[in-house]
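To keep things clear, I will list the structure first and then write my remarks on it.
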Amino acid sequence: MKRKFLITVNGKSYEVEVEEITKGKQSKNISTSETSIVEQPVQQQVFSSPQPTPSISAQPKVPPNKEIQEKEEVVQAPMSGVIVDIKVKEGQAVRNGDLLLVLEAMKMENNILSPCGGVVKNISVTKGENVETDQPMIVISS
């Protein structure tokens, strides 16, 4: 069975016709000249970079006459970028690891996760806003 492909290399287009003869060996007709190619196993290398972790600064709130102390976590931007989506609302309960918002940086979307369980006390960014590294974005009260 012959299959045709159109391949572009350095701005030049080539029509390639491929026919499987036997497993591991193929004959290719490129621009009317025939070439035999023997397939060799290729070792794949996969590169990945770790997801950036949001910077967190703990700001304990000490009420004067309360037995139970409330703790606040401020979620800061791990890098400069644009807020693509905000997944929580003020007053919403969140758990450790819940998705808070999506930050786009260098054409990559980064999920910003909750560092703790609690209630979203304040959201200081809006969708489409440009943020800078370490800029406070969300306050979670636990």
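Please go through region 121-142 and give me each residue that is out of contact with any strand residue (DSSP E or B) (no Cβ under 6 Å at 6 or more places or on another chain) and more than 11 Å from ALA77 (Cβ to Cβ), ordered by number.
Hits for region 121-142 are THR126, GLY128.
Output the residues belonging to region 100-113 that are touching an Asp or Glu at 6+ places or on another chain (Cβ under 9 Å) and without any contact (Cβ under 8 Å) to a residue 40 or more places away in the chain. Give the steps one after another, and end with the answer.
So the first thing to find is which residues in region 100-113 are touching an Asp or Glu at 6+ places or on another chain (Cβ under 9 Å), and the list is 101-103, 109-110, 113.
Result: LEU101, VAL102, LEU103, GLU109.
Is it the case that GLY81 is among the small types (Gly, Ala, Ser) and out of contact with any Asp or Glu (no Cβ under 6 Å at 6 or more places or on another chain)?
no
Give the residues of region 118-142 that are in a strand (DSSP E or B) and β-branched (Val, Ile, Thr), sorted by residue number.
Once the filter is applied, which keeps residues that are in a strand (DSSP E or B) and β-branched (Val, Ile, Thr), region 118-142 yields VAL119, VAL120, ILE123, VAL131, ILE138, VAL139, ILE140.
Every number here is computed from the coordinates shown, using simple stated rules; none is lab data. Just so it is clear, the model here is predicted, and its values are computed rather than measured. Positions of Cβ are generated from backbone atoms using ideal geometry, with glycine treated the same way; all protein chains shown enter the neighbour counts.
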